[in-house]
Amino acid sequence: MPIPKITYQLPLELDLPEAESLSSEDARVKSEQARKALDAMFGKSGAPRWLDDYLELVRGGWPWRVAAYIAWASSPRAAREPRTQDELARIHLGLTSDRAISTWRKRNPAIDEVVRMMQAGPLFKHRAEIFTALVAVAVKPEYKSHADRKLALELMGDYTPIRKVLAELKKKGDGDESDMSDTELEELARALEADNHDEHQA
């Protein structure tokens, strides 16, 4: 899948501590050895499934260890290879623990954002088919299509569920609404919903 481009992915200079008591030269050598070992796994039996995403992330400018973490974390939890973040750090990243990963994530929120985007990738890949299926069911004039019609109207802005209107009124908590009972708020929400519907029909 295409790797999402995050324009602020490297503004924080991810030259971060790796929580190891090594000299800078020893740390560099260890990093290079670990990277070569990971790169050498491409195309081999038993290689992690996330290697292709890792390569794309590296090409996109991410430091190799951060790229490996993002690719690993974006893969389905049940099928992650290795199973834990600590094992990833020790087996593939040449680190003694996963403490450095926590530091990266804390200092650069873009890391977790890219993970979320990549996890949602398969869904967005079928977005057109999902909307087509929604329309196909929603336009059927039968009771079973009621939920699909509500969802379609909500997505288009023609329908606002009562729970959302009620939540908004409670959140504001000012004016006359703050003194209303839940029943009165629900009645007001229904009235607002009806007005909203009439405006869109006009």
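Every number here is computed from the coordinates shown, using simple stated rules; none is lab data. Here the structure is a predicted model, which means the values were calculated and not measured. Every residue, glycine among them, receives a Cβ derived from its backbone with ideal geometry; neighbour counts consider all protein chains shown.
A few points about this structure:
- Peptides 109-121, 75-87 ranked from most to least packed give 109-121, 75-87, packing being the mean of other C-beta atoms within 10 angstrom over each peptide's residues.
- Ascending count of other beta-carbon atoms within 10 Å, so fewest first, for R65, R49, R35: R49, R35, R65
- Each peptide among 129-141, 50-62 gets the average number of other Cβ atoms lying within 10 Å of its residues, and from highest to lowest they stand as 50-62, 129-141.
- Neighbour-count ranking [beta-carbon atoms within 10 angstrom, fewest first] of S31, S145: S145, S31
- Quick note on the range 24-124: its Rg to Rh ratio, both from C-alpha atoms and Rh being the Kirkwood radius, is 0.94.
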